Amino acid sequence: RENFIIAIDGFSSCGKSTVAKALAKKLQFVFIDSGAMYRAVTLYFLRQHINLTNPDEIRAALEEIHIDFVPQGDTVHIFLNGEDVSREIRQMHVSEKVSEISAIKEVRHALVKQQQALGKRRNIVMDGRDIGTTVFPDADLKIFMTANSEVRAQRRLAELLAKGEVVSIEGVKQNLAHRDHMDSTREESPLRQATDAIILDNSDLTQEEQLEIVLEEYRARM
Ligand code: C5P
């Protein structure tokens with residue numbers, strides 16, 4: 001086959017990107033964090049005070065947005081119109097708005113198209129919410145990740161605190177519940193488990209164990 005596509009979907013803070021990154025490193029695939037793209041668009045919309053009820057304004061704004069992924073050492077940084085926004089897109093003010101902006105049809109159409117282009121003729125691991133259902137319905141391997149909500153909130157809290165964000169466990173839980181609800185109930189490509197996805201509940205699994213499970217599924221499809 002020309003290339004191999006691994007789609008990893010699931011709820012917020014299930015550890016999708018951790019598995020996706022480890023997998024990409026191990027297989028020497030390109031890792032693409034589709035959520036970072038929605039976050040970058042959200043940051044742009046917030047900065048420019050885009051009126052979310054005006055489709056023309058939204059379309060014009062989308063035309064102005066250029067997103068690049070640039071590898072730097074062991075990580076990949078995301079650039080919005082030439083500016084490294086890797087840190088800022090993880091901040092709470094972006095997390096609070098991202099699901100609202102991700103539900104906008106014009107936004108999804110623009111980003112899905114870019115994501116599909118990123119998967120042309122190369123091996124990729126992409127994580128998100130609609131990768132196995134909408135972006136790459138023919139992906140070679142689809143994983144749907146879940147974890148219990150307490151585990152997810154604690155992981156997210158630790159991650160944000162490590163970055164110096166001032167947040168509470170309640171604030172994190174509320175944000176996760178809000179995004180999961182918005183992401184699952186939106187009209188345009190809602191978060192759904194693809195019928196042919198492998199379910200990976202990692203509540204009680206180490207990162208090594210998760211990687212091994214996914215690698216086994218990969219080898220079975222080689
Ligand atoms: O993956 P992450 O949690 O950073 O994604 C942030 C938000 O972007 C999600 O809560 C969701 O609203 C949106 N998203 C999406 N479709 C994707 C990836 C992310 O709607 N494929």
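Take residues that are closer than 16 Å to I8 by Cα, open to solvent by 30 Å² or more (accessible area, probe 1.4 Å) and hydrophobic (A, V, I, L, M, F, W, C) and tell me which of the helices (runs of 4 or more DSSP H) falling wholly in the stretch 145-222 contain 1 or more.
Numbers: elements: 149-162, 169-185, 207-221.
In the stretch 145-222, 207-221 are the helices (runs of 4 or more DSSP H) which contain 1 or more residues that are closer than 16 Å to I8 by Cα, open to solvent by 30 Å² or more (accessible area, probe 1.4 Å) and hydrophobic (A, V, I, L, M, F, W, C).
Quick one: count up the residues across the stretch 31-54 that are more than 16 Å from the ligand (Cβ to nearest atom), in contact with a helix residue (DSSP H, G or I) (Cβ under 7 Å, 6 or more places away or on another chain) and open to solvent by less than 60 Å² (accessible area, probe 1.4 Å).
The number of residues fulfilling the criteria is 1.
Somewhere in the stretch 4-11, is a residue under 25 Å from A194 (Cα atoms), crowded, with 21+ Cβ neighbours inside 10 Å, modelled with pLDDT under 95 and not polar (S, T, N, Q)?
no
Given the conditions (1) at pLDDT 95 or above; (2) within 16 Å of R90 (Cα to Cα), and given that G164 satisfies all but one, which numbered condition is not satisfied?
Result: G164 fails condition (1) only.
Mind checking which pairs have a first residue in the stretch 133-145 that is farther than 20 Å from N202 by Cβ and a second that is within 13 Å of the ligand (Cβ to nearest atom) and charged (D, E, K, R), Cβ under 6 Å, 6 or more apart or different chains?
Sorted first by the residue in the stretch 133-145, then by its partner, the pairs are T133/R192.
Scan the stretch 177-222 residue by residue and report those that are of a type in the set (K, R) and in contact (Cβ under 8 Å) with a residue 60 or more places away in the chain.
R179, R186, R192, R221
Considering only the stretch 62-130, give the strands (runs of 3 or more DSSP E) lying wholly within it that have at least 3 residues that are open to solvent by 10 Å² or more (accessible area, probe 1.4 Å) and touching a strand residue (DSSP E or B) at 6+ places or on another chain (Cβ under 9 Å).
Working: elements: 67-72, 75-80, 124-128.
It comes to 67-72, 75-80.
Spot the failing condition for V76; the list is (1) over 23 Å from Q174 (Cβ atoms); (2) modelled with pLDDT of 95 or more; (3) more than 13 Å from the ligand (Cβ to nearest atom), and only one is missed.
Failing condition for V76: (2).
How many of the residues making up the stretch 99-136 are among the basic types (K, R) and within 18 Å of D9 (Cα to Cα)? Even if it seems obvious, please write down each step before you answer.
Our first condition is that a residue be among the basic types (K, R); within the stretch 99-136, this holds for 105, 108, 113, 120-122, 129.
Narrowing further to those that are within 18 Å of D9 (Cα to Cα): 108, 113, 129.
The total comes to 3.
Are there any pairs, at least 6 apart or on different chains, whose C-beta atoms fall under 6 Å, with the first in the stretch 1-22 and at positive phi and in contact (Cβ under 8 Å) with a residue 40 or more places away in the chain and the second among the aromatic types (F, W, Y) and open to solvent by less than 20 Å² (accessible area, probe 1.4 Å), and if so, which?
G10/F144
So Q114 passes all but one of these: (1) more than 28 Å from E165 (Cα to Cα); (2) away from the ligand (no atom under 16 Å from the Cβ). Which condition number does it fail?
If we test Q114 against (1) more than 28 Å from E165 (Cα to Cα); (2) away from the ligand (no atom under 16 Å from the Cβ), just (2) comes out false.
The values are calculated or read from the model by the stated rules, or taken from the named source; none is laboratory data. It should be emphasised that the depicted structure is a prediction, and the values quoted were computed from it without experimental measurement. Cβ sites come from the backbone with ideal geometry, for glycine too, and all protein chains shown count toward neighbours. Please note that ligands, DNA and RNA were not included when accessible areas were found on the heavy atoms of the full protein model with its side chains. Shrake-Rupley method; radii C 1.70, N 1.55, O 1.52, S 1.80 Å.
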